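Each value in this text was obtained by applying a stated rule to the coordinates, not by laboratory testing. These figures come from a predicted structure and were not determined experimentally. Quick reminder, even Gly has a Cβ in these numbers, built from the backbone with ideal geometry, and neighbours come from all protein chains shown.
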């Protein structure tokens, strides 16, 4: 009936996704407070900032300050996001981040144009240039990332075959620079996926590229996040991006209805209940979710942060 | 990979679940406004009130008034809930409801005691007495309902075998009165279920009682509602209770963290995307969800009511 993994690797996206979308300015110290708290939950990978144009994303204007101010915890990889060479150099210059090269493609050229102002052709050329830059700086290629892999608000549904073709293109880009592609992350950037679509796309990619690990980056705008993650788990997918409290996009403050990644603590709760190890201490993560909500100052969509874990209830029952 | 049904039957629980938990008084006219709007979406079954003690559930003190004030739409079954003979007689006396007899059991005696102040033995005796009363009044037995089928806050995990045994007990109660048991609804009353648990329990019940249709009543307190519903869909489950906007329990107003049933419009969205017919017009239902939020005066957890359907986006793309 299923092929659940025994271990799941989570990349926490909350600080990066969440703090770039909030309308009001969040003090650097509060961002750092959340990041340091997240690093104390057992999470091993936290994406903490974007090195992007502060005019376009004012919430990330303090990215360098945030990186400087955190208290790095041994064993935790802190990463940042960038879209071009300038951002990459800023990340490298901090000297405090785990810097890895991701090769990105978009299943929708319309989205690419709106998001990064690039055509597919320009973007592919950019990727080659970036890989050369990574290699010149001794930065390893960690994998590939496909935006809008399940559908696009500006281009509609994405055929499964197109995603498989794009994975092949990622492999090809890496190969042209003598690098393997150990992993590919399929991103449901605009929340078009259903569990059935996840199963179809992941299965097709797996069948064609059995040697490449598949990760999922699932936005929860239409409430399908956990169901889509479970569909991935059933196929043995063991890498997920997730966002504490569901940070990132704010369904309750009129930010256009887009929501963040699937909620980290809800996903950890699911893994706990399924006996899948995440290394994360759920109660501590729930504390971080409550802290995140306090910091942004409005309700966030996470459920377990309100409903509570079952571990606590079971412990009480044993005691009683 | 799956055995998705072609048609799903939804019972809308929002008015009953939602209006009994709100802290402030909601005017009867506003309840009626929501019920009439829901009846105009294509929903065929709406559970609109509880006939319970107004001292214990003040939000349902106007149950008779609500039933009197709705504008019944042909083809829509309006139902109510009761826990005893007095409540049943009130429902019958309205003359406007579809009145059917449900035989209920609880997988947790601890929950039964807290919820209804009855032991298992007393409750089973009550059920026999109620079936006799139903039959005396010519009211058909519509099926069975198992509370806490996936776990209980006061008793912990529920073994699969216990649920199967309880279905057998429901069949037996009906049989003693010469009635068949066409359906059994498994309720995740306190939100302990995972998709894996849903698959295990539903499969076990199906295997032992292949002639009985299985329905699911899933609370979303820990964010697993849609994932659990999808697990049911994959096994061909075609009957779900659901709650517009996720009404019922209020995670954002400090009502102790309990949430309502799985959100109706999110479930309809999922069915639409899977090509499963529900008979419901999603955009109208989203309008009802927004109305529900306006009526209760605080954010409700539904996602599609904020994120929007994909049908709208696809239509725009075709036009553009």
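So between residue B:114 and residue B:98, what do we pick up on full extension, going 0.36 nm a residue minus the alpha carbon distance?
Working: separation 16, 0.36 × 16 = 5.76 nm, distance 2.85 nm.
In short, 2.9 nm is gained.
If r is the Cβ-Cβ distance from residue A:125 to residue B:162 and R0 is 60 Å, what FRET efficiency results, to the nearest 0.05? All intermediate terms of the calculation are to be shown ahead of the outcome.
Working: r = 62 Å, r/R0 = 1.04.
Calculated transfer efficiency: 0.45.
Take the alpha carbon gyration tensor of region B:1-157, find the square roots of its eigenvalues, order them as a ≥ b ≥ c, and report rounded if a/c is under 1.5; if not, report prolate when a/b exceeds b/c, else oblate. Please report the intermediate quantities before stating the final value.
On the way: a/c = 1.39, a/b = 1.24, b/c = 1.12.
Rounded, because the longest to shortest axis ratio a/c is under 1.5.
Could you give the nm distance between label points at residue B:317 and residue B:298, where each point is 7 Å from its Cα heading toward the beta carbon?
Computed distance between label sites residue B:317 and residue B:298 equals 3.8 nm.
Given springs between every Cα pair under 10 Å in a Gaussian network model of chain A, which of A:123, A:239, A:217 has the largest fluctuation?
Most flexible of the set in this elastic network: A:123.
Decide, for region A:215-320, between rounded, prolate and oblate: order the square roots of the alpha carbon gyration tensor eigenvalues as a ≥ b ≥ c, take rounded if a/c falls under 1.5, and otherwise choose prolate if a/b is larger than b/c, else oblate. Walk me through the numbers on the way to the answer.
Numbers: a/c = 2.24, a/b = 1.20, b/c = 1.87.
It comes out oblate by the Cα gyration axes.
Taking a label point 7 Å out from Cα toward Cβ, give me the nm distances from residue B:126 to the same spot in the other copies, shortest first, one decimal.
6.4
What shape does the protein assembly as shown take by its C-alpha gyration tensor, where a ≥ b ≥ c are the square roots of the eigenvalues and a/c under 1.5 counts as rounded, a/b above b/c as prolate, and the rest as oblate? Please report the intermediate quantities before stating the final value.
Working: a/c = 1.95, a/b = 1.94, b/c = 1.01.
Prolate, since a/c reaches 1.5 and a/b exceeds b/c.
Compute for region A:1-58: radius of gyration divided by Kirkwood radius, i.e. Rg/Rh, restricted to C-alpha atoms, rounded to two decimals. Working shown, then result.
On the way: Rg = 14.8 Å, Rh = 13.3 Å.
Checking Rg against Rh, the ratio lands at 1.12.
Tell me the label-point distance for the pair residue A:281, residue B:204, using the 7 Å Cα-to-Cβ offset, in nm and rounded to one decimal.
3.4
Would you tell me which residue of chain B has the beta carbon closest to the rotation axis bringing chain B onto chain A, and how many whole Å away it is?
Taking the axis that maps B onto A, the answer comes out as B:227, 2.
Tell me the mean residue ellipticity at 222 nm calculated for chain B from its helices only (DSSP H runs of n ≥ 4, each -39500 (n - 2.57), averaged over every residue, nearest 500). Before the final figure, lay out the partial values.
Numbers: 13 runs with 140 residues, N = 320.
When only DSSP H runs of four or more count, the value is -13000 deg cm²/dmol.
Report Rg/Rh for chain A, rounded to two decimals, where Rg is the Cα radius of gyration and Rh the Kirkwood radius. Write out the running numbers ahead of the final one.
Values: Rg = 18.8 Å, Rh = 19.8 Å.
In chain A, Rg relative to Rh is 0.95.
Quick one: Cα centre-to-centre distance for region A:35-73 and region B:114-152, in angstrom?
Cα centroid to Cα centroid, the span is 55 Å.
In nm, one decimal, shortest first: how far is the label point of residue A:311 (7 Å from Cα along Cα to beta carbon) from the matching points in the other copies?
4.2
At 0.36 nm per residue, and after removing the present C-alpha to C-alpha distance, how many nm does the segment from residue A:29 to residue A:176 gain when stretched out fully?
48.6 nm
Which one, A:290, A:176, A:162, has the greatest fluctuation when you compute a Gaussian network model over chain A with C-alpha springs under 10 angstrom?
Judging by the Gaussian network model, the answer is A:176.
What is the distance in Å between the Cα centres of region B:228-249 and region B:255-320?
So the two Cα centres are separated by 13 Å.
Just to be sure I understand: with springs between alpha-carbon atoms less than 10 Å apart, which residue in B:223, B:138, B:260 has the highest mean-square fluctuation in the Gaussian network model of chain B?
Most flexible of the set in this elastic network: B:138.
Going 7 Å from Cα along the Cα-Cβ axis for the label, what nanometre distances separate residue A:283 from the same residue across the other copies?
Counterpart label points of residue A:283 in the remaining copies fall at 5.0 nm.
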